[in-house]
Amino acid sequence: MKVFYIDTSSSYLYAGIAVDKFLVASIKKNFGKDLSKYTISEIAKLFQEASLEPEDIDKIIVVSGPGSFTGIRIGMTFAKIFAWSLKKDITTITSLDAMALVDTDKLVVPIIDARRGFVYASIHEKDKIILKNQYIKLDSLIAYLDNLKKEYLFVTNQDNFDLPSIKYDPDILKIINTYQDKPSINPHLVEPTYLKLTEAEENLRNIQHDN
């Protein structure tokens, strides 16, 4: 089985191709605000490295968010067009689920800055989900963790958290092998996982509320 994985939910491009559960090509690179500029060309290089054509892929796994609204749209649009035009199976996972795949005896807490004191986060203990993916105040998350009275470890690829954390360095093969059997969905039904309204949606809701 040939599986293509893509995550553009942050300023990083994380992508890889696995063939029969072996990773044959991958990229993990921070493009900052230029992510949209380089994604397509870097994916083309990825397929060249794997000596494969897009038509050879059996399934696509795309990260649906949460994270950067712009970044999410880049990966989701590419994956949906890929799946629809070539009639390929596609499934989604969240960025937090991918980040949670860390080998440790501590609680794993993937965390993404959502600004204004809020974060996107979840809490995992081995294969058990303690707190599902959500948009939550950082102070509330820490209080919840402290109440569990267990050691915990934050996982993030951002530098603005003064917390006991490790740098997110995705094990792309592990992600693919963990989720490649997740049921496929219709490409037209693939939707972003924002966990909160976009700023434009929030502004519209406030306007409607005021009226």
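Among the residues of the range 161-211, how many are at pLDDT below 95, of a type in the set (Phe, Trp, Tyr) and buried (at least 16 other Cβ atoms within 10 Å of the Cβ)?
1
Across the range 139-160, which residue is least open to solvent (accessible area, probe 1.4 Å) among those that are free of Cβ contacts under 8 Å to residues at least 24 places away in the same chain and of a type outside the set (Lys, Arg)? Steps first, please.
Initially, the range 139-160 is screened for residues free of Cβ contacts under 8 Å to residues at least 24 places away in the same chain, giving 139-140, 142-144, 146-147, 149, 159.
Then keep just the ones that are of a type outside the set (Lys, Arg); that gives 139-140, 142-144, 146-147, 159.
Details: 139: 122, 140: 58, 142: 43, 143: 58, 144: 90, 146: 83, 147: 116, 159: 140 Å².
By that ranking, first place goes to 142.
Considering the range 120-158 alone, what residues qualify as being under 22 Å from residue 171 (Cα atoms), acidic (Asp, Glu) and at pLDDT 95 or above?
Scanning the range 120-158 gives a single hit, 125.
Using beta carbons and a limit of 8 Å, which pairs, at least six apart or on different chains, have the first residue in the range 84-105 and over 16 Å from residue 5 (Cα atoms) and of a type outside the set (Asp, Glu) and the second one open to solvent by 10 Å² or more (accessible area, probe 1.4 Å) and in a strand (DSSP E or B)?
Qualifying pairs under 8 Å: 100/124; 102/153; 102/166; 104/153.
Filter the range 81-97 down to residues that are among the polar types (S, T, N, Q) and either at pLDDT below 95 or under 12 Å from the mean Cα position of the chain (by Cα) (or both) and give me whichever is least open to solvent (accessible area, probe 1.4 Å).
The initial filter retains those residues of the range 81-97 that are among the polar types (S, T, N, Q), namely 85, 91-92, 94-95.
If we keep only those that are either at pLDDT below 95 or under 12 Å from the mean Cα position of the chain (by Cα) (or both) too, we end up with 92, 94-95.
Values: 92: 25, 94: 18, 95: 3 Å².
Among residues in the range 81-97 that are among the polar types (S, T, N, Q) and either at pLDDT below 95 or under 12 Å from the mean Cα position of the chain (by Cα) (or both), the one least open to solvent (accessible area, probe 1.4 Å) is 95.
Got a sec? Which of 169, 159 is under 13 Å from the mean Cα position of the chain (by Cα), assigned to a loop (DSSP other than H, G, I, E, B), under 20 Å from residue 30 (Cα atoms) and among the acidic types (Asp, Glu)?
Sole residue among the options that is under 13 Å from the mean Cα position of the chain (by Cα), assigned to a loop (DSSP other than H, G, I, E, B), under 20 Å from residue 30 (Cα atoms) and among the acidic types (Asp, Glu): 169.
Restricting to the range 23-61, and then to whatever is acidic (Asp, Glu) and outside any helix (DSSP H, G or I), can you tell me which residue is nearest to residue 168 (Cα to Cα)? Give the steps one after another, and end with the answer.
Of the range 23-61, the ones acidic (Asp, Glu) are 34, 42, 49, 53, 55-56, 58.
If we keep only those that are outside any helix (DSSP H, G or I) as well, we get 53, 58.
Working: 53: 29, 58: 27 Å.
For the range 23-61, the residue satisfying everything is 58.
Consider residue 56 carefully, then state whether it is without any contact (Cβ under 8 Å) to a residue 60 or more places away in the chain and touching a strand residue (DSSP E or B) at 6+ places or on another chain (Cβ under 6 Å).
On the way: without any contact (Cβ under 8 Å) to a residue 60 or more places away in the chain: yes; touching a strand residue (DSSP E or B) at 6+ places or on another chain (Cβ under 6 Å): yes.
Against the criterion (without any contact (Cβ under 8 Å) to a residue 60 or more places away in the chain and touching a strand residue (DSSP E or B) at 6+ places or on another chain (Cβ under 6 Å)), residue 56 qualifies.
Please list, ordered by residue number, the helices (runs of 4 or more DSSP H) wholly in the range 68-149 having 2 or more residues that are of a type in the set (Val, Ile, Thr) and under 22 Å from residue 176 (Cα atoms). Even if it seems obvious, please write down each step before you answer.
Working: elements: 69-86, 95-99, 138-148.
Filter on the range 68-149 gives 69-86.
The values are calculated or read from the model by the stated rules, or taken from the named source; none is laboratory data. Remember, it's a predicted structure, so these values are computed and weren't measured experimentally. Positions of Cβ are backbone-derived with ideal geometry, glycine not excepted, and every protein chain shown enters the neighbour counts. Note: accessible area is taken over every heavy atom of the protein model, side chains too, but ligands, DNA and RNA are not part of it. Shrake-Rupley method; radii C 1.70, N 1.55, O 1.52, S 1.80 Å.
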